[in-house]
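K.L.:
First, the structure itself, so that you have it in front of you.
The values are calculated or read from the model by the stated rules, or taken from the named source; none is laboratory data. Computed from a predicted model, the values in this text were never measured in an experiment. Positions of Cβ are generated from backbone atoms using ideal geometry, with glycine treated the same way; all protein chains shown enter the neighbour counts. We work out accessible area using only protein heavy atoms, side chains counted, and drop any ligands, DNA or RNA first. Shrake-Rupley method; radii C 1.70, N 1.55, O 1.52, S 1.80 Å.
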Amino acid sequence: MYTLKITAGSRLLNAPTILSFTADNYSEFKIRFLKRFGNVGGSNSAMAEKRKLKEKIKESYCMNGFKQIFFESNYWHLDIKKTN
């Protein structure tokens, strides 16, 4: 089970969106994440960057690459936890 806290914009001003789902491998994780990420809103600047993030996520091939995409983002913040 993966639990992701996604914040668009400032972590101090905006409440995070929490996504939870299960996935057996990274390909399945990407598909399930992208389906849910489409429903996450944010500031105008964050929404402008969202399309670029989705393209980079589609091109990524591992969890470290996925985390790096959010690390390099200006407007999106991610906290991810994996539980059994």
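K.L.:
Find the strands (runs of 3 or more DSSP E) located wholly in the chain whose residues include 2 or more that are touching a strand residue (DSSP E or B) at 6+ places or on another chain (Cβ under 8 Å) and open to solvent by 80 Å² or more (accessible area, probe 1.4 Å), and list them.
P.N.:
On the way: elements: 2-8, 17-21, 76-82.
Passing ranges, in order: 76-82.
Yes/no per residue for (1) out of contact with any Gly (no Cβ under 9 Å at 6 or more places or on another chain); (2) free of Cβ contacts under 8 Å to residues at least 24 places away in the same chain; (3) hydroxyl-bearing (S, T, Y):
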position	(1), (2), (3)
S10	yes, yes, yes
L19	yes, yes, no
A23	yes, yes, no
K30	yes, no, no
S60	yes, no, yes
N64	yes, yes, no
Y75	no, no, yes
